[in-house]
Amino acid sequence: MEIVLVSINTKYLHSSLAVWYLLTSLKQNAAKTHDISVVEATINQDIEDTAKAIIDRQPDLVAISTYIWNASLLPSLIQQMRVALGGVVILLGGPEASYNPSYWLNNQADYVLCGEGEFTIVELVNALEEKNESLLDSISGLAYIKDNKLHQNPILATNSRYIDPYSEEYFSQLKGSIAYIESSRGCIFNCSYCLSGIEAVRYFPLEIIKKHIDRLASSGTKTIKFVDRTFNCNLNRAKEIVEYIVSLDTECCFHFEVAADLFDTELLQLLAAAPPGRIRLEIGIQSFSEETLNAVMRRTNLTLVEQNIRLLMQNRNIHIHIDLIAGLPYESLELFINSFNKAYSLAAHTLQLGFLKLLHGSRLREQTEEYGILFYKDPPYEVIRTTWLAENDISILKQVENALNNTYNKGRFLATLNYIMNTTKLSPFDMYYELGRAVPHHMISLQDYTEQITNFLLTLPNVDEKTLRDNIVIDMLRMTKGKGIPRALKSYGEARKRIAFLAKQKLNRNIDYDEVEVLLSGVGVYVDSLKRDPVTELYEIHQIEQ
């Protein structure tokens, strides 16, 4: 058979592990040898181009990994394949199909694999090759239509054998994209908005994981993401992996999703010893409302969460990303504002304001009537309103999200934002709301965005024009080496030329004229474009007194 495995990712820089697990398993375990290839596309490509890449291979079977971010594209893709390929067999797997098989089977697919697919896809391919329909009933998790009825086989015990997804084909297609690694599956938490806790945690052999780390670190990729849902749920394993990564001679950055209240002193000390930029931590807080966390069965010691995040931030060697989810039960706009301001006070490098998504298979999706949750029926099933959060409240949060993502979360205007909050006494939430409402960002240049932000901030009470200008100039130097500073904020004349001359002497090399500015306070500043903070990715700036 000619088999094509398809992954449609969110960005070109992203890769997928799922299709590579399937590729290895089919090559190692299928009863016969098949011609198997992988097509990786993105949601930003024309769907016609993705279809052509598949159709050109003239496959007998196409297996597609489904998620909320690509599900809306699949009907068109599948229709194009049906027209061009006639009797092609369409197989879907992944969470979006696994927990909604009846929809996909009645509309698009021939088969859906529910749950893990590495070994069940082999059984299905063997049955199709033999043209033996009687074998279908014994395939774990397989869903299909027979005699106009949905047949969904129970998911049997998980196969404990380990499949190595890192084939030569994988590395040939990686080409510097973000690489993913999985050292465990499942989650210790059982949050009602998530699917990961459905499966108990099981761990892959540590020695194999270390070998994968070595291979990926020498592959040319810059970022390696662990997809473990709670990486530090087993402290001893987490310590051994972190210690190994810290000891490596590599420029790679390793990303982990962790629970901040599960650290112990030893793991915190190991993290503190990591080279700057070696590790990124993504910490899901979700809410600072105890009632909300209890309602969604999220077990969290919020006191420890705050304490440990502050400890991690003190070392300035690890990029910290924290998450909040808007739309959870019992959290009103007022309570969410409290969560936002408390989270912001932790000074993490990224504060993600996400919105609840009612996933197929999640318990919270079954509780929407109980909690008065209205959500969009198309992927990604985002919340529209709840008993506690009106549609207008969601609109307010969207404006905050817009401003936050275009400034703070990109490392933009950090000095300026701090100055504004200190001067105006606005809370973080109020400041981002006012900014998001006054300066909506719709794909405009950074220079235009900077001008609009400057004009708006000047309307706020107690803002000094000269101090504001100096903070924005400093921020632009750190962000872009001075590129794109609006003309109205630039300095000119002999003073700037003198600072440029002195900066060249101090750096002992030529520098770009944009990398130098004179503040209205009279201080000269210049950026060292060869020194960039590996954690914040901001450039180093220096001052020269006139």
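How big is the convex hull of the Cα atoms of segment 436-545, per residue, in Å³?
Details: hull volume 12.8 nm³, N = 110.
Measuring per residue, one finds 116 Å³ for the Cα hull of segment 436-545.
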Longest principal axis of the chain (C-alpha) makes with the long axis of helix 206-217 (C-alpha) an angle, in degrees to the nearest 10, of 60
Sequence-distant or interchain residues sharing an amide H contact under 5 Å with L142, placed H: which? C114, N153
Checking the cross-link filter: which aspartates and glutamates have an alpha carbon closer than 12 Å to that of K504, excluding same-chain neighbours under 8 positions apart? D512, E515, D528
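How would you classify segment 428-480 from its alpha-carbon gyration tensor, with a ≥ b ≥ c the square roots of the eigenvalues: rounded for a/c under 1.5, else prolate if a/b is greater than b/c, otherwise oblate? Write out the running numbers ahead of the final one.
On the way: a/c = 1.73, a/b = 1.03, b/c = 1.68.
Cα axes put segment 428-480 in the oblate bin.
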Express as a percent, rounded to the nearest 5, the fraction of DSSP beta bridges in the chain (both residues included) that run antiparallel. 35
Using θ = phi - 60° and Karplus 6.51 cos²θ - 1.76 cosθ + 1.60, couplings along segment 183-199 (whole Hz; Gly, Pro as x): 9, 7, 10, x, 8, 6, 8, 10, 4, 6, 9, 10, 9, 5, x, 4, 9
Along principal axes, Cα extents of segment 1-78, largest first, whole Å: 36, 23, 18
Of all the Cα-Cα pairs you can form in the chain, what percent are over 42 Å apart? 29
Too long for a 28 Å Cα-Cα cut-off, among K27/K175; K11/K239; K11/K377; K342/K466; K11/K410, are K11/K239; K342/K466
Which percent of the Cα-Cα distances in segment 314-459 go past 17 Å? 63
Using a Cα-Cα cut-off of under 20 Å, which aspartates and glutamates could be cross-linked to K210, ignoring same-chain neighbours fewer than 8 residues away? D164, E168, E182, D228, E240, E243, D249, E251, E257
Output ordering of 148-156, 309-317, 396-404 (per-residue mean of other Cβ within 10 Å, highest first) is 396-404, 309-317, 148-156
Work out Dmax and Rg for segment 178-385 from the C-alpha atoms and quote the Rg first, both in angstrom. 17.7, 53
Which of the lysines could be linked to K506 by a straight reach, that is with a Cα gap under 20 Å, when you skip same-chain ones fewer than 8 residues away? K481, K497, K531
What's the long-distance tail for segment 2-152, i.e. % of Cα pairs beyond 24 Å? 25
As an exercise, use a Förster radius of 60 Å and the Cβ-Cβ distance of L311 and Q152 to find the FRET efficiency, rounded to the nearest 0.05. 0.80
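Taking the convex hull of the Cα atoms, report for segment 184-224 its projected area averaged over all directions, in nm².
Details: hull surface 15.3 nm².
It is 3.8 nm².
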Segment 238-314: spread of alpha-carbon positions along the three principal axes, whole Å, largest first, is 45, 20, 20
For W388, what residues show an amide H to amide H distance below 5 Å, using hydrogens built from the backbone and excluding near sequence neighbours? Y330
Restricting to DSSP loop positions (anything but H, G, I, E, B) with no more than 13 other Cβ atoms inside 10 Å of their own Cβ, which GluC sites (Glu not before Pro) remain in segment 219-263? E251
Per q in 0.17, 0.21, 0.22, 0.25 1/Å, what log10 I(q)/I(0) does a Debye calculation on the alpha-carbon atoms of segment 484-542 return? -0.57, -0.83, -0.90, -1.08
Under a Cβ-Cβ limit of 4.7 Å, which cysteines in the chain have nobody to pair with? C114, C187, C233, C252, C253
For segment 419-431, 3J(HN,Hα) per residue [Karplus equation, 6.51 cos²θ - 1.76 cosθ + 1.60, θ = phi - 60°, Hz, x = Gly/Pro]: 4, 4, 5, 5, 7, 8, 6, 5, 6, x, 4, 4, 5
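FYI, it's all coordinate maths here, none of it is from the lab. In this text the structure is predicted, and so the values were computed from the model without any measurement. Quick reminder, even Gly has a Cβ in these numbers, built from the backbone with ideal geometry, and neighbours come from all protein chains shown.
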